[in-house]
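One structure is given below, represented as structure tokens, and several questions about it will come after.
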Amino acid sequence: MNTLFPIFVKLEQLQLLIVGGGYVGLEKLTAVLANAPAAPVTLVAPEIRAEIHALAAEHPTVKLVQAVYDPALLAGNDLVIVGTNDKAVNRQIQADCKARKILVNVADTPALCDFYLSSVVKKGDLKIAISTNGKSPTFAKRFREVLEAMLPDTLQETLDNLTTIRQQLTGDFQAKMDRLNEITSVLKR
Ligand SMILES: C[C@@]1(CC(=O)O)C2=NC(=C\c3[nH]c(c(CCC(=O)O)c3CC(=O)O)Cc3[nH]c(c(CC(=O)O)c3CCC(=O)O)/C=C3\N/C(=C\2)[C@@H](CCC(=O)O)[C@]3(C)CC(=O)O)/[C@H]1CCC(=O)O
Ligand SMILES: NC(=O)c1ccc[n+]([C@@H]2O[C@H](COP(=O)([O-])OP(=O)(O)OC[C@H]3O[C@@H](n4cnc5c(N)ncnc54)[C@H](O)[C@@H]3O)[C@@H](O)[C@H]2O)c1
């Protein structure tokens, strides 16, 4: 059974620390910025890939710290993503986060993660997060591609129209809900 509970997080209002500046650090930073380009992110590692430096140059809220992990770096962070190539370091960071009640993702060890990153389908304001419960990230990626190809480009127009209707509807809560359910029922056909 997949017991993961999906939520949509406002990263602009939170402090994220990424530990590791290799391929995994790059993959996770790219995923974060693709969704939340103005998220405050600190990435720490003694060696940081050139692509990460390029991303930081484009995103003023990204701060790079060229250093080995130190627990003092956790202060003030709400979320931590760990992706160093040293399993013992990854485990230590996870323990340090748990001691401070900071939510942590250890990219190469699902059992140590408080949360997983998901594969994200985007069409205008619509966002669909996909998880396979950690069973196959590659399936999640492929299924994202399938859904992206399926969704019409007119979707944003539909959402904009529904927003206008939502704002203009009068009556009590129940009456508004009935009307919105009626209007959107065409989507089921
Ligand atoms: C969705 C996505 C989001 C993102 O990262 O942005 C994501 N992984 C993606 C891609 C991807 N990751 C890997 C491959 C190589 C092929 C393969 O292994 O399948 C590919 C495919 C590729 O890159 O093409 C390797 C890998 N990943 C994990 C492990 C460890 C393990 O399983 O033990 C290993 C082995 C490492 C090793 O062998 O050393 C673990 C996790 N990866 C997750 C998310 C979480 C579960 C999500 C879920 O519930 O499905 C979880 C548990 C934790 C986390 O990372 O949050 C993103 C697709 C984005 C997109 O394109 O849409
Ligand atoms: N979840 C995923 O999506 C996923 C995908 C591929 C690989 N992995 C796993 O993640 C790990 C990292 O892979 P990679 O390809 O990014 O490795 P990499 O060699 O490209 O990068 C490792 C990074 O960790 C940093 N580092 C090492 N010790 C550190 C320390 N004490 N403090 C801070 N930073 C430190 C290095 O400076 C470097 O930036 C591997 O164990 C790999 O198996 C996970």
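The values are calculated or read from the model by the stated rules, or taken from the named source; none is laboratory data. A quick note: this is a predicted structure, and the numbers were derived from the prediction, not measured. Counting neighbours? That spans all protein chains shown, and the Cβs are built from the backbone with ideal geometry, glycine included.
Restricting attention to the stretch 24-58, and to residues there that are within 16 Å of Thr84 (Cβ to Cβ) and out of contact with any helix residue (DSSP H, G or I) (no Cβ under 9 Å at 6 or more places or on another chain), which single residue is farthest from ligand 1 (Cβ to nearest atom)?
Filtering first and then ranking leaves Pro46.
Looking for whichever is touching a residue at least 12 places away in the same chain (Cβ under 8 Å) and exposed (fewer than 12 other Cβ atoms within 10 Å of the Cβ) here; the options are Asp108, Asp153, Asp172. Which one fits?
Among Asp108, Asp153, Asp172, only Asp153 is touching a residue at least 12 places away in the same chain (Cβ under 8 Å) and exposed (fewer than 12 other Cβ atoms within 10 Å of the Cβ).
Follow-up question, since we're still on this one. Can you work out which of the residues in the stretch 41-59 that are crowded, with 19+ Cβ neighbours inside 10 Å and outside any helix (DSSP H, G or I) is farthest from ligand 2 (Cβ to nearest atom)?
Checked the stretch 41-59; the qualifying residue farthest from ligand 2 (Cβ to nearest atom) is Val41.
Would you confirm whether any residue within the stretch 13-25 is within 20 Å of Asp108 (Cβ to Cβ), out of contact with any Pro (no Cβ under 6 Å at 6 or more places or on another chain) and not assigned by TED's automatic domain parsing to the domain that holds Glu58?
Taking every residue of the stretch 13-25 in turn, none turns out to be within 20 Å of Asp108 (Cβ to Cβ), out of contact with any Pro (no Cβ under 6 Å at 6 or more places or on another chain) and not assigned by TED's automatic domain parsing to the domain that holds Glu58.
Looking only at the stretch 119-138, decide whether some residue is touching a Gly at 6+ places or on another chain (Cβ under 8 Å) and either in contact (Cβ under 8 Å) with a residue 40 or more places away in the chain or not in a strand (DSSP E or B) (or both).
no
Any chance the stretch 128-144 includes a residue that's away from ligand 2 (no atom under 16 Å from the Cβ), modelled with pLDDT under 95 and of a type in the set (Phe, Trp, Tyr)?
No, the stretch 128-144 contains no residue that is away from ligand 2 (no atom under 16 Å from the Cβ), modelled with pLDDT under 95 and of a type in the set (Phe, Trp, Tyr).
Does the stretch 65-104 hold any residues that are touching a residue at least 40 places away in the same chain (Cβ under 8 Å) and assigned to a strand (DSSP E or B), and which are they?
Leu79, Val80, Ile81, Val82
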